[in-house]
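Chemist: The structure is given below, and queries will be raised subsequently.
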Amino acid sequence: MKIRPLFEKDRARVLSMLIKTRSFTSQEIDVAMELVDIVLKDQMQKDYQIRCAVNEQDEVIGYICYGPVPMTHGTFDLYWIVVDPDLQKQGVGSTLLKFLEEAVGREKGRLILAETSTIPHYEKTEKFYLKNGFREVAKIPDYYFLGNDQVTFCKKLEERG
């Protein structure tokens with residue numbers, strides 16, 4: 001598995017993965033694809049970065065979207081991490097997170113934040129973050145809708161001298 005930038009040829013595969021996971025609403029998929037299109041359209045923008053995990057045939061098997069949080073020093077948001085459902089639990093997501101930590105570290109980043117929902121469908125996501133060294137730092141009740149809280153997870157990176 002290799003990690004590389006997102007290319008135009010990957011757009012359809014990313015969309016297919018988002019749909020295939022059956023984890024996201026159509027509105028969430030639209031937002032994810034909006035970020036994909038921003039990255040593809042303007043390689044010079046700095047708000048969003050997307051990197052893809054690819055197999056030996058250079059096909060996307062997972063991707064991660066992240067970016068610096070404006071008006072902070074070293075805080076980054078993890079916007080999306082998606083792995084082909086047929087390849088989940090094989091280390092693709094953890095490899096993408098390791099890449100993210102290294103990339104954020106090179107940018108003198110200190111914190112990585114990830115927000116998610118508390119509906120039962122997202123329990124796997126919460127477990128994934130906890131398994132990879134994130135901890136829950138905030139919860140906003142009824143954020144998305146009644147009974148669906150927003151949870152923020154944070155991973156503090158080691159100080160780099």
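No lab work stands behind these numbers, since they all come straight from the coordinates. Treat the numbers as computed from the prediction; the structure is a model and nothing was measured. Virtual Cβ from ideal backbone geometry, glycine too; neighbours counted across all protein chains shown.
Chemist: State the number of residues belonging to the range 125-143 that are loosely packed, with under 12 Cβ neighbours inside 10 Å and within 22 Å of Lys89 (Cα to Cα).
Modeler: 3
Chemist: Within the bounds of the range 49-57, is there any residue that is under 24 Å from Thr152 (Cα atoms) and of a type in the set (S, T, N, Q)?
Modeler: Keep residues of the range 49-57 that are under 24 Å from Thr152 (Cα atoms), which gives 49-52.
With the extra rule that they be of a type in the set (S, T, N, Q), the set shrinks to 49.
Yes: the range 49-57 contains one or more residues that are under 24 Å from Thr152 (Cα atoms) and of a type in the set (S, T, N, Q).
Chemist: I've got another one for you. Could you list all residues from the range 8-34 that are loosely packed, with under 12 Cβ neighbours inside 10 Å and in a loop (DSSP other than H, G, I, E, B)?
Modeler: Hits for the range 8-34 are Arg22, Thr25.
Chemist: Residue check, Gln49 against (1) surrounded by 12 or more Cβ atoms within 10 Å (Cβ to Cβ); (2) over 15 Å from Ala103 (Cβ atoms), all met but one. Which one?
Modeler: (2)
Chemist: While we're on this one: Would you call Ala114 closer than 25 Å to Asp37 by Cα, within 15 Å of the chain's Cα centre (by Cα) and outside any helix (DSSP H, G or I)?
Modeler: Spelling it out, Ala114 is indeed closer than 25 Å to Asp37 by Cα, within 15 Å of the chain's Cα centre (by Cα) and outside any helix (DSSP H, G or I).
Chemist: If you don't mind, there's one more thing I want to ask. Suppose we keep only residues that are of a type outside the set (Val, Ile, Thr) and free of Cβ contacts under 8 Å to residues at least 40 places away in the same chain within the range 59-75. Which one would you say is surrounded by the fewest Cβ atoms within 10 Å (Cβ to Cβ)?
Modeler: Of all residues in the range 59-75, those of a type outside the set (Val, Ile, Thr) come to 59, 62-63, 65-68, 70-71, 73-74.
Next cut, free of Cβ contacts under 8 Å to residues at least 40 places away in the same chain only: 65, 67, 70-71, 73-74.
Details: Cys65: 22, Gly67: 17, Pro70: 8, Met71: 6, His73: 10, Gly74: 15.
Ranking the qualifying residues of the range 59-75, first place goes to Met71.
Yes/no matrix, rows are residues, columns are (1) assigned to a loop (DSSP other than H, G, I, E, B); (2) among the hydrophobic types (A, V, I, L, M, F, W, C):
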residue: Lys46; (1), (2): yes, no
residue: Tyr63; (1), (2): no, no
residue: Tyr66; (1), (2): no, no
residue: Pro70; (1), (2): yes, no
residue: Val82; (1), (2): no, yes
residue: Ser94; (1), (2): no, no
residue: Lys98; (1), (2): no, no
residue: Gly105; (1), (2): no, no
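Chemist: Quick one: Pro85 ticks every box in (1) touching a helix residue (DSSP H, G or I) at 6+ places or on another chain (Cβ under 8 Å); (2) surrounded by 15 or more Cβ atoms within 10 Å (Cβ to Cβ); (3) within 22 Å of Lys9 (Cβ to Cβ); (4) not acidic (Asp, Glu) bar one, so which box is it?
Modeler: All conditions are met except number (2).
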